[in-house]
Amino acid sequence: MSGGSARGGQHFGPDFKREARDEYGWGISLAGSGEAIRSDANYIDLDPDVKDAWGIPAAQIQLAFGDNERAMVKDMTEWGIRLLEAAGAEIVGWQVSPSIPGGQITEQGTCRMGNDPKKFVTNRWGQCHDVPDLVVGDGAINVTPASQNPTLTIMTLAMRNAAHLAEPVRRRDLFT
C-alpha cells in the first residue's frame, strides 16, 4: 500500500486503517517450504538442438514434481487452513500454487557429490569424476539441500574442500 501522504491521506491510525480497507480490501496469504526428494526423472542435460551465440549447447532441465511433492503441498494447504481457522479467520476460498523451479532460489544438487562415479558427478571434495581438474564449489554438490537458506552450508563445504585441496595445490600435484 502506498504511503498515506502519497494519496493525500493519513499515515497511521483509525482513518488510515479505514482508507486502507476501503481502497485495498482484505486478504491473507500463507506460504510453506518443503524439500523435493531426489528423483531420476529430474536432471540437467545438454540440448542437442539449441545452442548459444558461441555454439555451446544450452542446458536442458528435466524436472517434475512427484507424489511426495504433491502430497506435501496438499498437507501444507490443509495445515494452513486449520491454522487460519484456529485464529478465527473465515476461509472464503483458497488457491494452491506450488512454486516453479527457481521460485525458492535454493535449488541445488545438480552435481551431487559421492564416491560412485556412475551415480554422482563429484567426489566428496567437489572434484568431478569425469573431469578431475574441475572442482565444483557451490550448492550443486549438496545431495539434499532441504528448504532452508543454504548459504552457510555452501560456505562450509567450500572452506572444507579448499582446505583439503590447498596442500596438493602448493605441491602442484593436485590432480595426479
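What the table below lists for this structure:
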| read-out | value |
| --- | --- |
| Paramagnetic reach from residue 144 (point 7 Å along Cα→Cβ, amide N under 13 Å) across segment 27-61 | 35-39 |
| Modelled FRET efficiency - R0 45 Å, residue 116 with residue 51, Cβ distances, 0.05 increments | 0.90 |
| Signed unit charges on C-beta, dipole axis of segment 106-176, positive-most listed residue 128, 161, 149 | 161 |
| Highest-MSF residue in the chain out of 95, 62, 127 [GNM, Cα springs under 10 Å] | 95 |
| At R0 = 35 Å, FRET efficiency that the Cβ-Cβ distance of residue 153 and residue 24 yields, to 0.05 | 0.35 |
| Cβ-placed point charges (K, R +1; D, E -1), dipole of the chain about Cα centre in debye, nearest 20 | 560 |
| Most fluctuating residue given options 79, 94, 26, as computed from a GNM of the chain linking Cα atoms under 10 Å | 26 |
| Identified option (computed P(r) over Cα pairs in 5 Å bins from 0, in percent; candidates (i) 1, 8, 17, 20, 20, 15, 10, 6, 2, 1, 0; (ii) 1, 10, 20, 24, 23, 15, 6, 1, 0; (iii) 1, 6, 10, 12, 12, 11, 11, 9, 7, 7, 6, 4, 2, 1, 0) | (iii) |
| Choice from 50, 135, 121 with maximal GNM fluctuation in the chain (Cα, 10 Å cutoff) | 50 |
| Sites residue 91 and residue 37 - FRET efficiency at Förster radius 35 Å, r taken between beta-carbons, to 0.05 | 0.75 |
| Mean Cα-pair separation over length for the chain, i.e. relative contact order, pairs under 8 Å, 6 or more apart, % | 14 |
| Sorted by Cβ neighbour density within 10 Å, fewest at the top, the residues 129, 164, 11 | 11, 164, 129 |
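Every number in this text was worked out from the coordinates using simple rules, so none of it is lab data. Keep in mind that what you see is a predicted model, and the values were worked out from it rather than measured. In this analysis, Cβ positions are derived from the backbone assuming ideal geometry, glycine residues included, and neighbour counts consider all displayed protein chains.
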